[in-house]
1. Can you find, within the range 143-195, the residue that is surrounded by the most Cβ atoms within 10 Å (Cβ to Cβ) among those that are in contact (Cβ under 8 Å) with a residue 40 or more places away in the chain and either among the hydrophobic types (A, V, I, L, M, F, W, C) or over 21 Å from Gly97 (Cα atoms) (or both)?
2. Between a first residue in the range 22-36 that is farther than 14 Å from Ile53 by Cβ and a second residue that is acidic (Asp, Glu) and in a loop (DSSP other than H, G, I, E, B), which pairs have beta carbons less than 8 Å apart while being 6 or more apart in sequence or on different chains?
3. Has the range 114-135 got at least one residue that is farther than 21 Å from Arg63 by Cα, at pLDDT 95 or above and part of a loop (DSSP other than H, G, I, E, B)?
4. Within the range 135-153, can one find any residue that is of a type in the set (A, V, I, L, M) and farther than 16 Å from Tyr107 by Cβ?
5. Conditions: (1) of a type in the set (A, V, I, L, M, F, W, C); (2) closer than 17 Å to Gly149 by Cβ; (3) buried (at least 18 other Cβ atoms within 10 Å of the Cβ); (4) without any contact (Cβ under 8 Å) to a residue 60 or more places away in the chain. Cys51 meets all but one. Number of the miss?
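The values are calculated or read from the model by the stated rules, or taken from the named source; none is laboratory data. Worth saying up front: this structure is predicted, and the values here are computed from it rather than measured. In this analysis, Cβ positions are derived from the backbone assuming ideal geometry, glycine residues included, and neighbour counts consider all displayed protein chains.
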Amino acid sequence: MANRKEMIIASAMRIRNMLFFHGYGHIGSCSYLLKPMRIIGKKYINIGDHCSILHHARIEVIRQWENKNCQGCLNIGNHSSIEQRCHIIAANQLNIGHDCVISADVYIADCNHKITGINKNIMVEPLEIKKTSIGNYCFLGIGVKILPGVTIGDNVIVGANSVVNKDVESNTMVAGNPAKIIKKFDTVLNEWVKV
């Protein structure tokens with residue numbers, strides 16, 4: 001009986017995904033997105049199984065900017081959640097690992113506008129694209145900003161309102177503006193220790 005019920009639920013989820021997520025690159029089973037939200041380039045967005053993206057998210061995958069082609073692609077691993085009002089911009093391949101929690105009001109980008117002169121609207125300036133990625137089992141506190149060119153390892157905790165402008169190694173806790181290491185996970189003691 002349980003197998004039949006699971007099969008019916010799985011079939012219903014597949015039908016729901018076909019109806020509501022038409023046009024996305026991939027939406028995994030049991031994943032959901034809450035509207036309203038702003039999505040640009042949805043066919044280049046791949047979301048794993050059991051993921052959630054809450055309302056008022058702004059996700060932009062850039063494939064062209066000022067007549068120049070970009071390789072924008074966003075990949076989100078299984079069991080990851082993105083809370084309300086997050087802003088994610090991908091002009092290259094931006095990966096968010098599995099089992100991540102990205103709190104409300106977080107900003108993640110892999111590009112910036114170059115400033116080539118004065119008296120110019122910044123929205124017509126060219127993009128400077130830098131590889132950006134977030135590992136597995138990461139927690140980004142509320143209001144965190146991940147700037148272009150940052151690689152975050154696995155098992156990383158980023159404190160609320162931190163601005164991360166350089167790479168963060170695995171098993172590390174960072175906080176501040178700019179973010180600095182405050183603790184590391186000691187695998188021998190099996191606990192977080194101050195640096």
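1. Pass one, the range 143-195, residues in contact (Cβ under 8 Å) with a residue 40 or more places away in the chain: 143-144, 146, 154, 160.
Those still in the list that are either among the hydrophobic types (A, V, I, L, M, F, W, C) or over 21 Å from Gly97 (Cα atoms) (or both) too: 144, 146, 160.
Values: Val144: 25, Ile146: 28, Ala160: 13.
If we take residues in the range 143-195 being in contact (Cβ under 8 Å) with a residue 40 or more places away in the chain and either among the hydrophobic types (A, V, I, L, M, F, W, C) or over 21 Å from Gly97 (Cα atoms) (or both), then Ile146 is surrounded by the most Cβ atoms within 10 Å (Cβ to Cβ).
2. Ser29/Asp49
3. yes
4. Keep residues of the range 135-153 that are of a type in the set (A, V, I, L, M), which gives 140, 142, 144, 146-147, 150, 152.
Checking which are farther than 16 Å from Tyr107 by Cβ leaves us with none.
No, the range 135-153 has no match at all.
5. Condition not satisfied by Cys51: (2).
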